[in-house]
Each structure stands twice: as C-alpha cells, then as structure tokens.
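Q: Pasting in a structure now, in structure tokens, and then I'll have a few things to ask.
The numbers here are math on the coordinates, done by the rules we state, and not lab data. All figures in this text were calculated on a predicted structure; none of them were measured in a lab. Here the Cβ positions follow ideal geometry from the backbone for every residue, glycine too, while neighbour counts run over all protein chains shown.
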Amino acid sequence: MTVLPTLRTLNLGHNRLTNDGLKGLKLPSRLMNMKILNLERNSLTGILDLDVIGAGIDDMPELATLTLNGNTRLRGTDGDISDTLKIELEGCGIGLGGGAGQPRTVSAIHRQAAGLPAASGPAVIEGDAKPVKPAGNGRGVPLPDLTWTYKTCPAATFDSEPLAIEFDLYLPPTPPSSAIPLIIWFHGGGLLQGNKENLPPHFRRLPAHTFPKGQVAVLSPNYRLAPQVPIVDILSDITTLLSFVQLYLNKRLLKEGKGEYRIDTDRICLSGGSAGGYLAMIAGLSVPKSASEEVVGGYRGDSEKGIKCIAPFYPITDLMDEFWSTETNPVPFHGKT
C-alpha cells in the first residue's frame, strides 16, 4: 500500500479480466500517479464504468492513456474522465454489427478531431459509425492503422496459451504514389517493461507529415521482456520482426486491402529510446565475423537487409557496466527530477 500510490504504469493486458474483476483497482489509497493503464485483450464486456473500477478522474487524475484494444465484446466506457485522457478502443465491439442506435464511445482527446464538444465524461455517438482516427495535425494523437502478429511463441506451461507478439503500423492518411521508407521504433523500459503503445505522439504523427522527399510509415513493435526470457530471446524477436518486414509486410498490406501502400524495405530506419535504442543499435550494426559466440551472446543481428539509418536516443551501450550489477533502491535518480 505504501508503494502502489507511486505506480505510474500498469500492464494487465492479455489476461482474462472481467469488468467485475477490475474493481480491485479501486484502492483506498488511490493510484494518484497512474499515467498508463493497459487492459487490452481481456474479457471486458458492455460498458466499462471507469469510476467503479477506480480509473476515473478522482482515483487516477493523471491517467493519460487507457488501452482497451482487443476486447471484442466491449461497447464503450462511462465515468468522469479528464479531457486529456486517451482511450484506445481498436478491435473492440464498438459500432460493429449492432445496427443503428448502438452507442460508440469516443475518448476526450478525440473530441475536437471528431467535431464534438468538450465534456468531463465520454462522448457518445449514436449509430454504426467507424472509430475516429484523428489526423496527425496536432488535434489528436493518431491511432495505428493496423495491428498484426509477427511472431507466435508456444505456450510456456501446460495451462497457458501461446504468446502472440504484435506490432502497430502507422501509415500516411493518403496513399503515396511510390514506396515509402519505414521507421521502426523500439520502446524503452530497461528490457523489463514497456509496450508498443509507448510510441511517442510525435512519432505517431510523422506519417501525416510531408518531407521534401516524401512521407514515411512508422512501426512500433512489442517484444518479450526480461526476466521472463533472457536477452538473447528478446534479440531473436527483433530478428524475426525484421524478417517479417522484409518478406511479408507488403504482402500483408495487399491482403488487408491496403495494397495502395507500399513499404520500401530497402530504406529502413531503426530508432528507439534507452533499451529501445540499444535494440536499434544491436540490430542495425554489423557484428565482426571474428567476434566469438561468447562475445556476441550467440546473436549476430540482421544488419544487411535494407537498414539505412540508426537513430538511437540515450541508448544502453554496455550491458557489462557495473550499473547493471549495482543494487539500487528503488532507482538511482529517486528524489531527483
């Protein structure tokens, strides 16, 4: 109870949580510092009351992102929320198959883009409408155009399920006349936490911007995390991702009815912050053939396939540094800005 009030990110995705099961979030001390709450791909149904589960403005006043993607029976949300809260509802049962009169909830940050008035609670549009996807012009934070699985890992135990590892793809609003380069952003989190939804807003808006030589697409992947898997397994996810991009991405766009978009797989930029910057560098830089398996940890990357740029932000550069073996409580910058 003394630790939870300082919790900023909570990932409960890919479980079997129900609306009633989330009532445990409403703690007496409240999660006042919570900023990112991920509840994607659970068993949420109907209208989720955010006040009841403790995710309303009184309990989580700083909540900035609530991810509910993939709850196929979820129809929307209710409750008193901040005007800046972004609620992600991709893949939910909103406006799908319900016919006229079925309500659809739109998060506060999307109201202006949808031409709706500001309100303290959720806006509801009547009718079988498509989810609002704000343009990348500063009026809202764009949602991904497509979310795909690029790797499926076998179930780890007899009573668990296979693990689907996904990426989000952001495309220009209008199909360009030629193939476009791709920026792959790896999220940070010390290889211990984080997810594809951590893609910064300015990266989400990049596809809507026209540069002197054209436009770009942006891809934000998940990857497995330590300590549940060793770092070499994380690196194998990155190798699989790059192979998927090279071999299947354009074919998948065509299959999904997005054939007017083509990715130039000979022009790929790898980027990311912190641990994501480390992944960008290790995936994009060549490993000398003279380096032993012990030195490279059995990983030699995939740097010969179309990677033209590496743009890491404050990356991890040395996993052997004493920082990683020094006990800290709770973190070295505690109490500082």
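Q: Using a cut-off of 19 Å between alpha-carbon atoms, which aspartates and glutamates can reach Lys255, once sequence neighbours fewer than 8 places away in the same chain are excluded?
A: Asp145, Glu166, Asp168, Asp264
Q: Which value in nm describes the separation of the simple spin-label points at Lys251 and Asp51, placed 7 Å from the Cα toward the beta carbon?
A: Inter-label distance under the simple model: 5.2 nm.
Q: Once the convex hull of the alpha carbons of the stretch 199-293 is built, what does its volume come to per residue, in cubic angstrom?
A: Spread over its residues, the Cα hull of the stretch 199-293 gives 147 Å³ apiece.
Q: From largest to smallest, what semi-axes in whole angstrom does the stretch 146-325 give when each is the square root of 5 times an eigenvalue of its alpha carbon gyration tensor?
A: Taking √(5λ) for each eigenvalue gives 27, 19, 16 Å, largest first.
Q: Along the stretch 164-178, what does the Karplus equation 6.51 cos²θ - 1.76 cosθ + 1.60 (θ = phi - 60°) give for ³J(HN,Hα), rounded to whole Hz, x for Gly and Pro?
A: Ordered by residue, 3J(HN,Hα) equals 8, 9, 10, 9, 9, 10, 10, 10, x, x, 10, x, x, 7, 9 Hz.
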